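Data block below; observations after.
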Amino acid sequence: MGARGKVDVLVPRGGRGLIQSVVKNATVPVIETGEGNVHVFIDESADPQMAEKIAVNSKTHRTSACNSAETLLLHSKSTAGKQVLAALDKAGVKLHVDERAAELLPPGSDHLQATEEDWATEYLGMEMAVKVVDSLDEALDHIVKYSTGHTESIVTNNLANAERFTAENDSAAVMVNASTRFTDGGEFGLGAEVGISTQKMHARGPMGLEELTTTKWVVQGDGHVRS
């Protein structure tokens with residue numbers, strides 16, 4: 001971390017503790033990667049079957065991955081809430097829910113009352129925070145406050161809402177009607193993935209070898225001078 005002149009850049013891969021230790025202590029350039037407080041927003045117009053499929057895959061496909069969803073935001077007027085939460089519960093996900101989400105849970109579900117800490121937690125396991133929101137604006141405000149800039153997904157049949165979600169979300173990857181698990185170098189066609197950058201650098205999101213190259217300019221002249 002202190003080998004200036006010998007190490008061009010560090011790309012830490014691992015948990016929050018490792019990544020933050022490198023970011024805070026390195027004296028060589030660092031590309032901050034991986035930490036993912038990832039959200040799925042079920043919009044008012046979302047198809048319940050699609051919402052269930054995407055929410056369950058985003059959470060349970062590989063819980064230890066940084067693109068695994070950690071928070072589910074449910075529009076209060078969506079008809080998908082009960083179905084999605086029942087499917088997550090059936091899959092064995094422990095849900096940390098707010099008061100309104102608790103009313104949508106099936107009897108006997110494995111759940112806890114959500115706290116402020118839950119909205120900022122990257123569980124990396126079979127746990128998920130759930131919040132009911134009244135609008136797209138409220139969902140976007142929540143994501144802005146708690147997101148780590150990794151991946152966000154919206155499930156919707158409303159084109160205008162999809163466009164607003166992608167335009168106003170500042171994360172490295174934004175999905176529309178697709179699982180958050182697609183944020184991956186191989187899935188994006190970049191080849192072997194070096195990491196997923198959550199910074200605003202020339203390389204953002206999944207990085208392959210091309211994203212880690214730098215530019216060298218070579219000028220061929222024939223006595224040219226600048227006037």
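The values are calculated or read from the model by the stated rules, or taken from the named source; none is laboratory data. Quick caveat, the model's predicted, so the values are computed rather than measured. Glycine gets a Cβ as well: all are built from the backbone with ideal geometry, and neighbour counts include every protein chain shown.
The single condition from (1) part of a loop (DSSP other than H, G, I, E, B); (2) out of contact with any helix residue (DSSP H, G or I) (no Cβ under 7 Å at 6 or more places or on another chain); (3) surrounded by fewer than 24 Cβ atoms within 10 Å (Cβ to Cβ) that residue 82 fails is (1).
Scanning the range 105-150 for residues that are touching a residue at least 40 places away in the same chain (Cβ under 8 Å), in contact with a helix residue (DSSP H, G or I) (Cβ under 7 Å, 6 or more places away or on another chain) and more than 20 Å from residue 95 (Cβ to Cβ) turns up just one, 136. Just to be sure before I move on: is residue 145 out of contact with any strand residue (DSSP E or B) (no Cβ under 9 Å at 6 or more places or on another chain), surrounded by fewer than 22 Cβ atoms within 10 Å (Cβ to Cβ) and in a loop (DSSP other than H, G, I, E, B) in the structure I sent? For residue 145, the condition - out of contact with any strand residue (DSSP E or B) (no Cβ under 9 Å at 6 or more places or on another chain), surrounded by fewer than 22 Cβ atoms within 10 Å (Cβ to Cβ) and in a loop (DSSP other than H, G, I, E, B) - is not met. For residue 18, the conditions (1) touching a residue at least 12 places away in the same chain (Cβ under 8 Å); (2) under 22 Å from residue 183 (Cα atoms); (3) surrounded by fewer than 16 Cβ atoms within 10 Å (Cβ to Cβ) are fulfilled apart from (1). Scanning the range 52-66 for residues that are at pLDDT below 95 and surrounded by 24 or more Cβ atoms within 10 Å (Cβ to Cβ) gives a single hit, 66.
For (1) closer than 20 Å to residue 52 by Cβ; (2) in contact with a Cys (Cβ under 6 Å, 6 or more places away or on another chain); (3) not aliphatic (A, V, I, L, M), each residue gets a yes or a no:
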| residue | (1), (2), (3) |
| --- | --- |
| 89 | yes, no, yes |
| 93 | yes, no, no |
| 103 | yes, no, yes |
| 126 | yes, no, no |
| 143 | no, no, no |
| 169 | no, no, yes |
